[in-house]
Amino acid sequence: MNLRLKIAGAVSTIALLATATSAIAQEIRVWTTETQPARLERQQKMAADYEASTGVKVQMIPVEESDYGTRATAAFAAGDLPDVIYYPLSFALPWAEAGILDAEAAQEVLDDLGADTFAPGPISMAATPNGIAGVPVDGWTQMVVYRKDLFEAEGLAAPTSYSNVVTALEKLHNPPEMYGFVAATKVDENFMSQVLEHVLLANGATPVDANGFSGFDEKKTVEALEFYKTIAKASPPGELFWKQSRELYFAGKAAMIIWSPFIMDELAGLRDSAPPTVNDDPTSRELAKATGFITNFSGPSNSEGAAWAASSYFGITSDADTEAAQDFVKFAVSDGYMSTLAIAPEGKFPSRNGTSANPSEFIDGWSKLDVGVDRRAPLSDLYDADVIENIVAGLGVAQRWGVSEGQLGLASKIINSQVINRIVRQHIDGEIDAATAVANMNAELAKIEYCLLYTSDAADE
């Protein structure tokens, strides 16, 4: 071997050693909204497992969700964003549009893992022209929670649609022993806003389109409002929100409610602060066994149905060490996936169902994770396989106003205004009919977009 080849070989060896050393010394930063110590510990464990597997250090940095907007904007301006951000849906499209997130890098991860291994709902909600704003991690949907045992005894179909609910009310509403429903009617509670969006989405009714405020379609919205008035009339009197819904259902005095999956461990008597009172044993699993859950809910004008959903993502930033960030995200939704989902399995449905080789791997693993506070047990011990399947299926039709239209900011302003709550309550109370309610909502909500546009124009001058 001549001298030139020996030198070349030595240089190559040094380069390989340098690369290896660099990989071992490499460090990435990850922001997370899981700031509670027990939750943060779970994500730190996942990060430690990744470091043990790859040699790449992960600095898991807790950031309050309320600080995300200002922190991200400042870090972007300074060129000091973390490599990866674990974030909720509300930031997906705005951050992608602002250049904070690298949608192409996230799309490469999704393609490598197989988009068909993920639930379609979270993917569609984070889609951009350049790729996906982040890799879906977990989410949850609103659910119709119902007394499956009573439905079966009466030969009733599950409450998957407006019509099925109305039919069930005719059989089961028998106050004060049993209320057919406990609908949200307290106008200044966000709970009512969330429940109403769920019901309106079920019938395909939305106030926005790709161009901004579109107004509610009269037919779809009248159908939704008449349905909501029906379930409100089958509810107890008074100002009702999540508290009364849970209390009455737990006492065995409600056949149906709309709630989040965070009720699932409580139903099984695993949380002392919210015990079932349907019998004398606050730890009883009786009510859990008698309960069914519906995520995909439909109205007469939307037979495919929908589910109001919250969704979280791992986003790769524009300042990231892209290759390292991508590798970490792949690990987080593969080998490290159960550590993240174990933070709160009842509220973290897996957005990735499995792998190409085992399509239900992560759903199966998730169902065996312990839930509860004062006592713990796997979801699969508390609920039947068909219940688990129905719960997870909701992410397939996950929706929110304004997401697919690119109008999430405007939709959020509309929801938070509580205009819809107030006018729906007027309809429930018989002050106005459904058609008038739709007209009034459209008139008042149009002012919100006008104010936004006026403020924006004034700021540009």
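The values are calculated or read from the model by the stated rules, or taken from the named source; none is laboratory data. Everything numeric in this text was worked out from a predicted model, so none of it was measured. Cβ: placed from backbone, ideal geometry, glycine included. Neighbour counts: every protein chain shown.
Out of A443, A437, A411, report the one residue that is part of a helix (DSSP H, G or I), surrounded by fewer than 17 Cβ atoms within 10 Å (Cβ to Cβ), not charged (D, E, K, R) and not assigned by TED's automatic domain parsing to the domain that holds S90. Even if it seems obvious, please write down each step before you answer.
Numbers: A437 fails: surrounded by fewer than 17 Cβ atoms within 10 Å (Cβ to Cβ); A411 fails: surrounded by fewer than 17 Cβ atoms within 10 Å (Cβ to Cβ).
Exactly one residue qualifies, and that residue is A443.
I'm checking my understanding of the structure. Among residues of segment 289-309 that are among the hydrophobic types (A, V, I, L, M, F, W, C) and crowded, with 22+ Cβ neighbours inside 10 Å, which one is nearest to G269 (Cα to Cα)? Give the derivation first.
To start, the set of residues in segment 289-309 that are among the hydrophobic types (A, V, I, L, M, F, W, C) comprises 290, 293-294, 297, 306-309.
Restricting the remaining residues to those that are crowded, with 22+ Cβ neighbours inside 10 Å gives 293-294, 297, 306-309.
Details: F293: 17, I294: 21, F297: 27, A306: 30, A307: 26, W308: 26, A309: 25 Å.
Looking at residues that are among the hydrophobic types (A, V, I, L, M, F, W, C) and crowded, with 22+ Cβ neighbours inside 10 Å, I get F293.
Per-residue answers, yes or no, for (1) of a type in the set (A, V, I, L, M, F, W, C); (2) modelled with pLDDT of 95 or more; (3) not assigned by TED's automatic domain parsing to the domain that holds G347:
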| residue | (1), (2), (3) |
| --- | --- |
| A10 | yes, no, no |
| I14 | yes, no, no |
| L17 | yes, no, no |
| Q26 | no, no, no |
| T32 | no, yes, no |
| R42 | no, no, no |
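What about N358, is it closer than 26 Å to Y162 by Cα, at pLDDT 95 or above and of a type outside the set (F, W, Y)? I'd like the intermediate steps shown before the answer.
Numbers: closer than 26 Å to Y162 by Cα: no; at pLDDT 95 or above: yes; of a type outside the set (F, W, Y): yes.
In short, no.
Hey, any hits in segment 132-154 for a residue that's out of contact with any helix residue (DSSP H, G or I) (no Cβ under 9 Å at 6 or more places or on another chain), of a type in the set (A, V, I, L, M) and surrounded by fewer than 24 Cβ atoms within 10 Å (Cβ to Cβ)? Walk me through how you get there before you give the answer.
Going residue by residue through segment 132-154, those that are out of contact with any helix residue (DSSP H, G or I) (no Cβ under 9 Å at 6 or more places or on another chain) are 152-153.
Those still in the list that are of a type in the set (A, V, I, L, M) too: 153.
Restricting the remaining residues to those that are surrounded by fewer than 24 Cβ atoms within 10 Å (Cβ to Cβ) gives 153.
Yes.
Among the numbered criteria (1) of a type in the set (A, V, I, L, M, F, W, C); (2) surrounded by fewer than 13 Cβ atoms within 10 Å (Cβ to Cβ); (3) at pLDDT below 95, which single criterion is violated by L93?
(2)
Which ranges mark the helices (runs of 4 or more DSSP H) fully within segment 109-176 that have 1 or more residues being over 17 Å from the mean Cα position of the chain (by Cα) and over 18 Å from Y86 (Cα atoms)? Full working, then the answer.
Working: elements: 120-125, 148-153, 162-172.
Where helices (runs of 4 or more DSSP H) fall fully within segment 109-176 and carry at least 1 residues being over 17 Å from the mean Cα position of the chain (by Cα) and over 18 Å from Y86 (Cα atoms), they are 148-153, 162-172.
Only one residue in F181, F191, F151 is modelled with pLDDT of 95 or more, assigned by TED's automatic domain parsing to the domain that holds A232 and over 30 Å from V419 (Cα atoms). Which one? It would help to see each step written out before you state the result.
Values: F181 fails: over 30 Å from V419 (Cα atoms); F191 fails: over 30 Å from V419 (Cα atoms).
Every option except F151 fails the conditions.
Only one of (1) among the aliphatic types (A, V, I, L, M); (2) assigned to a helix (DSSP H, G or I); (3) touching a helix residue (DSSP H, G or I) at 6+ places or on another chain (Cβ under 6 Å); (4) crowded, with 23+ Cβ neighbours inside 10 Å is not met by V222, so which one is it?
For V222, the failing item is (4).
Would you check which residues across segment 348-383 are of a type in the set (D, E) and either assigned to a loop (DSSP other than H, G, I, E, B) or without any contact (Cβ under 8 Å) to a residue 24 or more places away in the chain (or both) and list them? Reasoning before the result, please.
Pass one, segment 348-383, residues of a type in the set (D, E): 361, 364, 370, 374, 381.
Answer for segment 348-383, where residues must be of a type in the set (D, E) and either assigned to a loop (DSSP other than H, G, I, E, B) or without any contact (Cβ under 8 Å) to a residue 24 or more places away in the chain (or both): E361, D364, D374, D381.
Could you please give the count of residues in segment 315-348 that are crowded, with 22+ Cβ neighbours inside 10 Å, modelled with pLDDT of 95 or more and in contact with a Ser or Thr (Cβ under 9 Å, 6 or more places away or on another chain)?
5
Return the only residue of T73, T117 being in the same structural domain as E361 (by TED's automatic domain parsing) and in contact with a Pro (Cβ under 8 Å, 6 or more places away or on another chain). First the steps, then the outcome.
Details: T73 fails: in contact with a Pro (Cβ under 8 Å, 6 or more places away or on another chain).
None of the others qualify; the one that does is T117.
Just to check your reading of the model, which residue among S193, S214, S163 is without any contact (Cβ under 8 Å) to a residue 12 or more places away in the chain, small (G, A, S) and surrounded by fewer than 23 Cβ atoms within 10 Å (Cβ to Cβ)? Please lay out each step first, then the result.
Details: S193 fails: without any contact (Cβ under 8 Å) to a residue 12 or more places away in the chain; S163 fails: without any contact (Cβ under 8 Å) to a residue 12 or more places away in the chain.
None of the other options fit; the residue is S214.
Okay, residues lined up against (1) assigned to a strand (DSSP E or B); (2) assigned by TED's automatic domain parsing to the domain that holds L172; (3) farther than 19 Å from F151 by Cα:
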site	(1), (2), (3)
G238	no, yes, yes
S245	no, yes, no
G252	no, yes, no
L270	no, no, yes
T277	no, no, yes
T283	no, no, yes
S298	yes, no, no
